[in-house]
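Colleague: Input: one structure, supplied below.
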Amino acid sequence: MQKPVLKISELRANVEDKEILKGVNLEIKGGEVHAIMGPNGTGKSTLSSTIMGHPKYKVTSGNVTLNHEDVLSMSVDERARAGLFLAMQYPAEVPGVTNSDFLRTAMQTRMEEGKDVPLFKFIRELDKNVEKLEMRQDLPHRYLNEGFSGGEKKRNEILQMLMLKPKIAILDEIDSGLDVDALRIVGQAVNSMRSENFGCLLITHYQRLLDHIKPDFVHIMMKGRIVKSGGPELIERIDREGYDWIKQELGIEDERVIVEDEKRKVVSIGTCATKEMLDL
Ligand code: ADP
Ligand code: MG
């Protein structure tokens, strides 16, 4: 099997005509775990959705390739079949579709034409992974994410990853809403996937997930760009000192100050503080 390489070059993307990604460069190879950290609203989820092909995010320039194949010209399902996987920050609830039907269909679409996912093997693997993630046994028969707690939804995303065995997985804030035990379990599951055939992009706000999954590379994203890359030493410093030192080092304005000013302006002219005005 060819070692996967996801390459993102000078990627720019808009949401509702507002530029969010402003030239992102990143290369993830099989065997590597990359972490992206950064303040809220800097475009981390936009990056993951854009790579996966969410229609709301419009690429204006740049490239994304997986083993030299143009990802941006693929439909979402083609991207998934090519081996990309996104564990979403806010997984959707899909009443009427059971978890196991969903998983089996997703796996089926990745098979060659005329071949089926063997039912017995599927069930055995599903059971094994449900146990590994310490999820409730009734879970395969419940509707996808319906009534799941925040932590159950996140584990369910990881279950999908274990079953689908992607080449490159993007995990968007998989740690939010997880307690200490769940963090450990999710960490172990991701670590169990580590191999030359699997690359991982972890998007996270906190260092705590990175105690369990040691990244090889750490990138800091601010205002739609990766402004700094390094090794795990960056995590400790961010944990200790936040992001201010990076802003100072790179001469980036403090977003919060601008936001506060905007709020005052908005309030003083008597309009509602619209989301757009606050999202700088
Ligand atoms: P992060 O994940 O780093 O917190 P996001 O990528 O979610 O940041 O958001 C970056 C910016 O893009 C924010 O200003 C956010 O409001 C805006 N944005 C992201 N997704 C949407 C969307 N679907 N509709 C409108 N605005 C969006
Ligand atoms: Mg996000």
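The values are calculated or read from the model by the stated rules, or taken from the named source; none is laboratory data. All figures in this text were calculated on a predicted structure; none of them were measured in a lab. Quick reminder, even Gly has a Cβ in these numbers, built from the backbone with ideal geometry, and neighbours come from all protein chains shown.
Colleague: I'm trying to understand the selection: among the residues of region 15-45, which are in a loop (DSSP other than H, G, I, E, B) and either of a type outside the set (D, E, K, R) or within 13 Å of ligand 2 (Cβ to nearest atom) (or both)?
Modeller: Gly30, Gly31, Gly38, Pro39, Asn40, Gly41, Thr42, Gly43, listed by residue number.
Colleague: Also, quick follow-up: What are the pairs, 6+ residues apart or on separate chains, where a residue within region 32-51 that is closer than 19 Å to Pro166 by Cα has its Cβ under 8 Å from a residue that is among the aromatic types (Phe, Trp, Tyr) and within 9 Å of ligand 1 (Cβ to nearest atom)?
Modeller: Here the result reads Ser49/Tyr57; Thr50/Tyr57, each pair linking region 32-51 to a residue that is among the aromatic types (Phe, Trp, Tyr) and within 9 Å of ligand 1 (Cβ to nearest atom).
Colleague: Select, from Met135, Met111, Met107, the only residue that is more than 17 Å from the chain's Cα centre (by Cα), surrounded by fewer than 12 Cβ atoms within 10 Å (Cβ to Cβ), within 28 Å of Asn191 (Cβ to Cβ) and more than 16 Å from ligand 2 (Cβ to nearest atom).
Modeller: After applying the criteria, what remains is Met111.
Colleague: Within region 192-206, restricting attention to residues that are farther than 11 Å from Val33 by Cβ and surrounded by fewer than 19 Cβ atoms within 10 Å (Cβ to Cβ), which residue is nearest to ligand 2 (Cβ to nearest atom)?
Modeller: His205
Colleague: Follow-up question, since we're still on this one. So which residues in region 46-100 are within 28 Å of Val130 (Cα to Cα), assigned to a strand (DSSP E or B) and within 16 Å of ligand 2 (Cβ to nearest atom), if there are any at all?
Modeller: Across region 46-100, the qualifying residues are Leu86, Ala87.
Colleague: I've got another one for you. At pLDDT 95 or above, away from ligand 2 (no atom under 16 Å from the Cβ) and in contact with a Gly (Cβ under 6 Å, 6 or more places away or on another chain): is that true of Ser9 in this structure?
Modeller: yes
Colleague: Does Asn129 satisfy the criteria of being among the polar types (S, T, N, Q) and surrounded by 15 or more Cβ atoms within 10 Å (Cβ to Cβ)?
Modeller: So Asn129 fits the description; yes.
Colleague: Given the options Ala92, Ala87, name the one that is more than 21 Å from Val218 (Cβ to Cβ) and small (Gly, Ala, Ser).
Modeller: Residue meeting the stated conditions: Ala92.
Colleague: Let me ask something else about it. Which condition from (1) within 16 Å of ligand 1 (Cβ to nearest atom); (2) closer than 23 Å to Met161 by Cα is the one that Lys22 breaks?
Modeller: Only one criterion in (1) within 16 Å of ligand 1 (Cβ to nearest atom); (2) closer than 23 Å to Met161 by Cα is unmet by Lys22, namely (2).
Colleague: Can you name the number of the only condition in (1) modelled with pLDDT under 95; (2) in contact with a Gly (Cβ under 9 Å, 6 or more places away or on another chain); (3) over 24 Å from Leu144 (Cα atoms) that Gly23 fails?
Modeller: (1)
Here's the yes/no breakdown for (1) among the β-branched types (Val, Ile, Thr); (2) within 16 Å of ligand 1 (Cβ to nearest atom); (3) in contact with a Leu (Cβ under 6 Å, 6 or more places away or on another chain):
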site: Gly31; (1), (2), (3): no, no, no
site: Lys44; (1), (2), (3): no, yes, no
site: Asn67; (1), (2), (3): no, no, no
site: Thr105; (1), (2), (3): yes, no, no
